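The values are calculated or read from the model by the stated rules, or taken from the named source; none is laboratory data. All of these numbers come straight from a predicted model, not from anything done at the bench. So basically every Cβ, Gly included, is an ideal-geometry build from the backbone, and we count neighbours across all protein chains shown.
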Amino acid sequence: MSTTPDLKFERDVGNFHYDTSYEFDAGTGLNEKTVDYISDVKGDPDWVRDFRKKALKIFQDKPVPTHWASRDLENIDYDKIRYYLSKGQRASRTWDEVPDDVKNTFERLGIPEKERAYLAGVEAQFDSEASYSNMKEELSKQGVIFVGSAEGLKEYPEIFRKWFGKVIPIGDNKFSALNSAVFSGGSFIYVPPGVKVKQPLQAYFRINAENFGQFERTLIIADEGSEVTYMEGCTAPQFETSTLHSAVVELVALKGAKLQYITVQNWSANVFNLVTKRGLAMDDAEIKWIDCNIGSRLTMKYPGVVMRGPGARGEVLSIALAHDGQHQDTGAKMIHAADNTSSNIISKSISIGQGRSTYRGIVNMPRALKSCKNNTECDALLINTNSRTDTYPAITVRGNQSTVQHEASVSKVSAEQIFYMMQRGIPEDEAMSLAVNGFVNDLIREFPMEYSVELKRLIDLEMEGSVG
Amino acid sequence: MNKLEIKNLNVSINDTPILKDFSLTVPRGEVHAIMGPNGTGKSTLAKALAGHEDYVITGGEVFLDGEQIVGMEPDEISRSGLFMAFQYPSEIAGVSIANFIRAARTARLADGEKLSAPDFYKELYSRMDLLKIDRAFTSRSVNEGFSGGEKKRCEILQMAMLAPKYAVLDETDSGLDIDALKIVAEGVNKMRGPDLGVLLITHYQRLLNYIVPDRVHVMFDGQIVQSGGPELAEKLESEGYDWVREARADKLVNA
């Protein structure tokens, strides 16, 4: 039997907040002064301040992409958002040093418990900055770096600057530009050549303040032949007004490295979650995104892999669950830029009630390339007749020396299936939950154990009360 | 007290009355067969007893060992002790038979009680051995890609694991070849005993060669028109249903 610790992860477990006083507050609204305030507080080097200002200009100039994306984006009021809130700069290395209100928050979310149970390192971000960051000693002895992004750019500039903003340029999209202007928090990870980090490193992102925007910036570099798994979890309380989360995550897997990035997102239903995630895989390297989107008002997220070196592999496994009033607009981008590269996309979406799921995918294989492979599978499950699902796959294959495969399906949980399960004594919400778990089961089997247990539990809780 | 008692049950589908003052009592420990031509309301009876929302009960009562089950949710009726073997069982992709039965068993536990996994599997495997079901079967998704015979065996396995007080077998013989029919009948016969009442719904007498009923009821136009012993089934087999129609017509004319 399983030896997995009994992890508690409840849908509403994140729905609380403590009144907190912040030492640093950039106020509401976004202009050059906001950017300067953030740069001053953080003591940014000049190149970062310039980077931020350039990004602000690009953000202001770029239109909201409503020609293809949801018009709901127009409802974000940038003047009402607070862009920087923190209690200080330096993350504590022990939980004892973390301020009580922040510590209580993470205790309630079970973070220190999980760290003891199965994690190699944890970073816990509270609004704009990490309040806790710690890693097992043997990893630091092996030269592994796991710190907040601010610390990363100050203390490891030679590695940081080489890759920062290189995988995702400022102007990639409006929200990557926004993040580049006001970013704070997030992780910086470097794994030296040949080092295999066995247990996952985890970051936990918590929004505590109302009208707040969280803009963490994560950069992970797996040097040649190394291996690392990173997990991120997100929650926020349910406020009256909407909250913005706009992260940028850049991954670099050098020759032969394996990098796995796992997201457990459990945002409350008023969070705009607009995230840009991309990895660069060099020769024979492998980047795998496991992305689970539960909650939020609107999520737009299309993790990508640029396969730059021959033999590189890219993979996106994603699950999205959209409830009433939620829109999960997710997908994947696979850019084949060398011979013998292969990519795999498996996307499963569940739409409940008025919930809406959209899949957008890009697979690009230029003419000159040989022996590239892509497999794309998109499956949608509809529960109740009002739910909506759309699929927009864009597969561009030039030349005839590569293979692509695309499969899509839409299925429904039928009233007869639910009746059948209920006739066996299973209550209606549990029956729904079984059907949903069954739908994602083959995908969840690919996930690390601790994570699949947590995810199944989250789906169960999400299905409770979904019965009208 | 130990009986399934159906009193003057009236059931409509889309406002069309199907069951008309249907009454029947099945004591626990007995096997009753309901036979009748197609379209006479046999499957409606099964679905209505199980609480399917499309089968609207417009009048009457159903008591399961004295407990009124009309108005209960299907899962509550199931947990009260009524099992229905489906004519067309649903497929549930990605959910293994073992996990499905486990969920059904777990739903029967009191708060704070836990199902012991080793005990559960021990019991499951011994039931499967009795029903001559291969163990690899439990890891397959519920009814997905099953043959007709496999589906029905899966129903009987669930019935054995849920140990109901009463079982309604809705056309369990349909779509079965003779070997599968024998295996299913053997399974039901093994569960026969003082703790189980069975209502066998069937169009053909063939199943009754293997599961010999205590009582046979003939159903026509939403009612039971004749009841008798096993010999009644044989009469239906040799003479067909025409005499039932005629007897019914006479009854209506004389009424």
(request) Being closer than 23 Å to A:Gly165 by Cα and either small (Gly, Ala, Ser) or not in a strand (DSSP E or B) (or both) narrows it down to one of A:Ala368, A:Ala338, A:Ala269, A:Ala320, so name that one. (result) A:Ala338
(request) Can you give me the number of residues within segment A:275-317 that are more than 18 Å from the chain's Cα centre (by Cα), outside any strand (DSSP E or B) and surrounded by 23 or more Cβ atoms within 10 Å (Cβ to Cβ)? (result) 2
(message) Against the conditions (1) more than 13 Å from the chain's Cα centre (by Cα); (2) surrounded by fewer than 22 Cβ atoms within 10 Å (Cβ to Cβ); (3) over 16 Å from B:Lys42 (Cα atoms), where does B:Pro213 fall short? Just the number, please.
(response) (2)
(request) For segment B:102-141, name all the residues that are facing another protein chain (nearest Cβ under 8 Å) and of a type in the set (A, V, I, L, M). (result) B:Ala103, B:Ala104, B:Ala107, B:Ala117
(request) Could you tell me which of the residues B:Leu236, B:Leu232, B:Leu208 is closer than 15 Å to B:Leu176 by Cα and assigned to a helix (DSSP H, G or I)? (result) B:Leu208
(request) For segment B:70-89, enumerate the residues that are assigned to a loop (DSSP other than H, G, I, E, B), surrounded by fewer than 19 Cβ atoms within 10 Å (Cβ to Cβ) and more than 8 Å from every other protein chain (Cβ to nearest Cβ). (result) B:Val70, B:Gly71, B:Met72, B:Tyr88
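Checking the structure you have, find out if any residue of segment A:164-173 is in a helix (DSSP H, G or I) and surrounded by fewer than 21 Cβ atoms within 10 Å (Cβ to Cβ).
Our first condition is that a residue be in a helix (DSSP H, G or I); within segment A:164-173, this holds for A:170-172.
Pick out the ones that are also surrounded by fewer than 21 Cβ atoms within 10 Å (Cβ to Cβ) and you get A:171-172.
Taking every residue of segment A:164-173 in turn, at least one turns out to be in a helix (DSSP H, G or I) and surrounded by fewer than 21 Cβ atoms within 10 Å (Cβ to Cβ).
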(request) Please work out which one of (1) within 14 Å of chain A (Cβ to nearest Cβ); (2) surrounded by 15 or more Cβ atoms within 10 Å (Cβ to Cβ); (3) over 18 Å from B:Leu208 (Cβ atoms) is the condition B:Ala167 fails and give its number. (result) (3)
(message) Looking at (1) closer than 22 Å to A:Phe212 by Cα; (2) modelled with pLDDT of 80 or more; (3) assigned to a strand (DSSP E or B); (4) not β-branched (Val, Ile, Thr), which one does A:Ala150 not meet, given that it meets all the others?
(response) (3)
(message) Among (1) crowded, with 16+ Cβ neighbours inside 10 Å; (2) part of a strand (DSSP E or B); (3) free of Cβ contacts under 8 Å to residues at least 60 places away in the same chain, there is one condition B:Ile34 misses while meeting the rest; what is its number?
(response) (3)
(request) Assess whether A:Ile444 counts as being within 11 Å of chain B (Cβ to nearest Cβ), touching a helix residue (DSSP H, G or I) at 6+ places or on another chain (Cβ under 6 Å) and either hydroxyl-bearing (Ser, Thr, Tyr) or surrounded by fewer than 22 Cβ atoms within 10 Å (Cβ to Cβ) (or both). (result) yes
(message) One residue is enough: does segment A:412-425 have a residue meeting the conditions surrounded by 15 or more Cβ atoms within 10 Å (Cβ to Cβ) and among the aromatic types (Phe, Trp, Tyr)?
(response) yes
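Which of the residues spanning segment A:324-345 are surrounded by fewer than 24 Cβ atoms within 10 Å (Cβ to Cβ) and farther than 18 Å from A:Glu250 by Cβ?
Scanning segment A:324-345 gives A:Asp324, A:Gly325, A:His327, A:Ala338, A:Asp339, A:Asn340, A:Ser342, A:Asn344.
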